[in-house]
Structure formats: structure tokens, C-alpha cells
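Visitor: My questions all concern the structure below.
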Amino acid sequence: MNLITIDGPAGSGKGTIAKQLSEVLKLNYLDSGAIYRILGLHLIENNIPIDNEDLIKKSIEKANIQFSGHKISLNNRDVTDEIRTESIAKIASLIAANKTVRESILDLQRSFLKKPGLVAEGRDMGTVVFPEAKNKFFLTASVQERADRRYKQLISKGFDVSILDLVVEIQERDFRDINRTISPLVPAANAVIIDTTKLSPSQVVEFILGNI
Ligand code: DC
């Protein structure tokens, strides 16, 4: 089956590129970061401390997460836009360091691999979730460029954010994602690394299409 993994840090363009590729190639699409964000929202709303492994495990089992096209729901409530804030991203990155959390969503992530194939984006798609993938890409970009992209994205969704705060938040999140012991953000040995700082989304998509 056609399986493409796109990993990289916050704001590297993974989301835009993976969505466009899945549309051009008519493949399924997995936004794995959205799952961590939904769990973050779920834990906040239920006052569950991020270090209480037992409670987290039980609460994840009860959470009903559904993807329908590009809409995402938690317990039948549309949370597509709500999970996009940097405060939810921070909680997502914190709980993503937890082994129980990562293991409990492995099956959910792998269930997206269905005919005719999948474009999966995140931090560990090519290393842990789909190590068997033949087409692995790792996107990077300068911190300034990534903060600029996030700024435009969030402003267009109506969020009030500051570019300086975004630079700091992105750097903190990079540090946590790269330095955690379980499934850290790292390119798979056989991933093609693409620096997207000076590339448009369509240039990146063209490059990937030329590579697979
Ligand atoms: O891709 P994103 O910014 O929506 O991801 C939010 C956080 O979730 C990210 O900072 C780390 C975590 N994450 C992860 O650990 N593994 C993934 N495959 C995807 C996201």
C-alpha cells in the first residue's frame, strides 16, 4: 500500500504539505499531532494531572475521538479549531513525552492505514508508528520562518497572538520534542530531509512527488 510519512518540528509545513499530497494522490490523511492536542484538551477539561499515568490511561480509553474529512471531534463535539491554540499545543507536547500516552494511541494511528494508502504527518511517523514506510520525508525550516507561518495561520483563524511569544513557544516545544526519551523528534535513517525555509508549499509538494 502507498504509505508516505512526513515528520518535522512545529511550523515546518508538515500539515499543509501532507494535506495537499493526500489530495493530489487521493490517499487517506493522518494528522497525528491533532490526537495529542485532543488528548491535551481532554485532560485539561477533566482536571487530570499530566503525571497521573493510571488516570490518563483510563481517560484515553473513554475519549471518543473521530476524524471526518478534516473535521475532528471529541465525544461528539467539534474541536477542529479549539485544539489549534499554542496553549493546547504546549499541553500536547508535555503529554507526548509520556510512554503510556504514546502506546495507547498507536493502534488508533495505525488504523488510518487503509486502502488506497496514507499520508501520515507528525514527529515519529517514519521512526515508530510506520517504520516500514518506503517514502519518508523530514521537513525543517528556520525558527523565524516557522513562527511567521504559525502567526499567519493563527491570525487567519481569529486568534490574537504575538510573533515573539510564538518564537519562544516554538523553541520550547522543539526542545521538549527533540529531547524526550520516548519517540523523540528525529529524522528516520532513511528519510529525505527538506529545508522548506525558502520554498513555497507547491515547490515542496512537487519535490516530494518527484521523489516517490
Ligand atoms: O504537529 P502538532 O504541532 O499539532 O503537534 C502538537 C504536539 O504533539 C507536538 O509538539 C508534539 C506532539 N506530537 C508528538 O509527540 N508526536 C507526533 N507524532 C505528533 C505530535
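The values are calculated or read from the model by the stated rules, or taken from the named source; none is laboratory data. Note that this is a predicted model, so its numbers are computed, not measured. Every residue, glycine among them, receives a Cβ derived from its backbone with ideal geometry; neighbour counts consider all protein chains shown.
Visitor: What number of residues within region 156-170 are within 12 Å of the ligand (Cβ to nearest atom) and of a type in the set (D, E, K, R)?
Guide: Within region 156-170, residues that are within 12 Å of the ligand (Cβ to nearest atom) and of a type in the set (D, E, K, R) number 1.
Visitor: Kindly provide the set of residues from region 11-30 that are part of a loop (DSSP other than H, G, I, E, B) and surrounded by fewer than 24 Cβ atoms within 10 Å (Cβ to Cβ), ordered by number.
Guide: First pass over region 11-30, keeping only residues part of a loop (DSSP other than H, G, I, E, B): 11-13, 26-27.
Passing the criteria: LYS26, LEU27.
Visitor: So in region 70-89, with the set limited to residues that are within 19 Å of GLN153 (Cβ to Cβ) and small (Gly, Ala, Ser), which one is surrounded by the most Cβ atoms within 10 Å (Cβ to Cβ)?
Guide: Result: ALA89.
Visitor: Given the criteria farther than 17 Å from ALA89 by Cβ, under 15 Å from the mean Cα position of the chain (by Cα) and not aliphatic (A, V, I, L, M), does PHE130 qualify?
Guide: Working: farther than 17 Å from ALA89 by Cβ: yes; under 15 Å from the mean Cα position of the chain (by Cα): yes; not aliphatic (A, V, I, L, M): yes.
Yes, satisfied.
Visitor: Among the residues of region 171-187, count how many are closer than 13 Å to SER12 by Cβ and near the ligand (Cβ under 9 Å from one of its atoms).
Guide: Of the residues in that region, 4 qualify.
Visitor: Which one is nearest to ALA188 (Cα to Cα), of the residues in region 122-173 that are polar (S, T, N, Q) and either in contact with a strand residue (DSSP E or B) (Cβ under 9 Å, 6 or more places away or on another chain) or in a loop (DSSP other than H, G, I, E, B) (or both)?
Guide: The residue in question is THR127.
Visitor: Would you confirm whether or not region 31-40 contains a residue that is at pLDDT 95 or above, under 25 Å from ILE170 (Cα atoms) and not in a helix (DSSP H, G or I)?
Guide: Checking region 31-40: at least one residue is at pLDDT 95 or above, under 25 Å from ILE170 (Cα atoms) and not in a helix (DSSP H, G or I).
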